[in-house]
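Structure first, commentary second.
The values are calculated or read from the model by the stated rules, or taken from the named source; none is laboratory data. Values in this document were obtained by computation on a predicted structure and should not be read as measured data. Positions of Cβ are generated from backbone atoms using ideal geometry, with glycine treated the same way; all protein chains shown enter the neighbour counts.
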Amino acid sequence: MSCSTRHARRCSRAGQLCALPEAANTLDVEQVADIIAAQPLDDEQRTSLEVLTNTLGVPLGTAKAMVFKKRGLLAMAPGELLDRVRTVADVVGVTTDQAIDMVTIQPGLLFDTQKQAEALKLGIRAICYELNAPKEEIVELILKNQSVLHGRDMHLSVADIAHLAMLRQPTGRIAE
């Protein structure tokens, strides 16, 4: 009997819900945001981050994570940020709130905005075609499952499309 099995049995006998020891080595996304938010800032960075949080309405930890991915965000003025978010919303055909969620997940949308938004629009259109689903449903799936946009340059793989298909219809298998 392995250590993990014994640990799980001990927890179940005690009527507790507890994680396996290996789970202690993993970090939650919220924990990472808290760790990033706890890092000290100089006055200039703090001011720039406050502009970003106030403009987009995101928490400080999220703004820091965005800046960690794209340093150039610190130099953007509030009006420029909002213009770029509106451009994403117009090109992709989503609401401004959804566009803010998208740029929060993928800050790269705020740089070379037109080209990146066009790529995202085409990707969403391709997914809609592949899954025979309405655009609104696909946008919601993407926003709820941020790993699809996170860390990418708007190029969705076959695995991403399969993942979305499974999320959309969780029963059964993908045959093709």
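Considered as a group, the residues in the range 86-122 that are in contact (Cβ under 8 Å) with a residue 40 or more places away in the chain and not in a helix (DSSP H, G or I) include one that is nearest to Lys69 (Cα to Cα), and that residue is Gln106.
Kindly establish whether Thr104 is within 28 Å of Cys128 (Cβ to Cβ), at pLDDT 90 or above and in the same structural domain as Ser147 (by TED's automatic domain parsing). When the stated conditions are applied, Thr104 does not pass them. Test each condition in (1) touching a Lys or Arg at 6+ places or on another chain (Cβ under 8 Å); (2) modelled with pLDDT of 70 or more for Ala65 and report the one that comes out false. Condition (1) is where Ala65 drops out. Residues in the range 53-92 that are surrounded by 18 or more Cβ atoms within 10 Å (Cβ to Cβ) and among the hydroxyl-bearing types (Ser, Thr, Tyr): Thr55, Thr62.
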